[in-house]
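The values are calculated or read from the model by the stated rules, or taken from the named source; none is laboratory data. A quick note: this is a predicted structure, and the numbers were derived from the prediction, not measured. Cβ sites come from the backbone with ideal geometry, for glycine too, and all protein chains shown count toward neighbours. Accessible surface areas use protein heavy atoms only, side chains included; no ligands, DNA or RNA. Shrake-Rupley method; radii C 1.70, N 1.55, O 1.52, S 1.80 Å.
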Amino acid sequence: MNPSVEVEVIELTAELLPQASLLLAGYMYPNSECTWTGDRLERCRGNLERLLTFRHVNFFMAKRGEECVGFIAVHWGFSTTTGKLILRIQDLYVVPEKRKQGIAARLIHTAADLAKQHDANRLELNTGTANVSARRLYEALGFERQPGKEIYMHFIR
């Protein structure tokens, strides 16, 4: 992490929904010219409003001055083999023009600190195999790829 980056990390509240919705829209619709208005922005706001009601989820935003420049969404799980909590990074996003400035690392450190406060066994995440820059960041921050592990998903429709 670049210590010269002055980034404040704050947890999502109802008052911050408009700013958080803009960030989430940038994440969900990265190549869209219509990211910032209409149904897409309302969908993002609705998603975040529901997130606020889940007690095992945390959503932190990175701010530089008054500008929101990124977020991290984490949720809690449990390891039956260790008898301890697991904190899982669900989503991590930094506004494209603010990347490579230590913001993602700051957000990950916030999640790691939260995991330590709760005596969690580990902080974990997954990412696309083609997302080389993210994988480099995670490895630089101490994450280890788990050989022989696969991710399976069953979508409930």
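Per DSSP H run of n ≥ 4, the term is -39500 (n - 2.57); total these for the chain, divide by its residue number, and report the mean residue ellipticity at 222 nm rounded to 500 deg cm²/dmol.
On the way: 4 runs with 51 residues, N = 157.
After summing the helix terms and dividing by residue count, I get -10000 deg cm²/dmol.
Accessible area per residue, 1.4 Å probe, Å², for the chain: what's the number?
Details: 10370 Å² over 157 residues.
Per-residue accessible area for the chain comes out at 66 Å².
How large is the translational diffusion coefficient of region 50-93 in µm² per second when you combine the Kirkwood radius over alpha carbon pairs with Stokes-Einstein at 37 °C and 0.692 mPa s? Let's see the in-between values first.
Working: Rh = 11.9 Å.
After rounding, the answer is 277 µm²/s.
I want to check a number: in the chain, how many lysine pairs have alpha carbons closer than 28 Å, given a sequence separation of 8 or more or different chains? The partial results should precede the final answer.
Numbers: K63/K98; K63/K100; K63/K116; K84/K116; K84/K149; K98/K116; K100/K116; K116/K149.
Going through the chain pair by pair, I get 8.
How high is the relative contact order of the chain, given as a whole-number percent (alpha carbon pairs under 8 Å, six or more residues apart)?
Values: 208 pairs, mean separation 31.8, N = 157.
Averaging sequence separation for qualifying contacts and normalising by length gives 20 percent for the chain.
Jot down the per residue volume, in cubic angstrom and as a whole number, of the convex hull over the alpha-carbon atoms of region 100-157. Before the final figure, lay out the partial values.
Values: hull volume 8.1 nm³, N = 58.
That works out to 140 Å³ per residue.
Among A105, A25, G46, which residue has its Cα furthest toward the positive end of the charge dipole of region 1-140, with +1 on Lys/Arg Cβ and -1 on Asp/Glu Cβ?
The residue sitting farthest along the positive end of the dipole is A105.
Considering only protein heavy atoms and a 1.4 Å probe, what is the carbon-and-sulfur percentage of the accessible area of region 53-97? Don't skip to the end; give the middle numbers.
On the way: 1250 of 2280 Å².
Answer for region 53-97 is 55 percent, counting heavy atoms of protein chains only.
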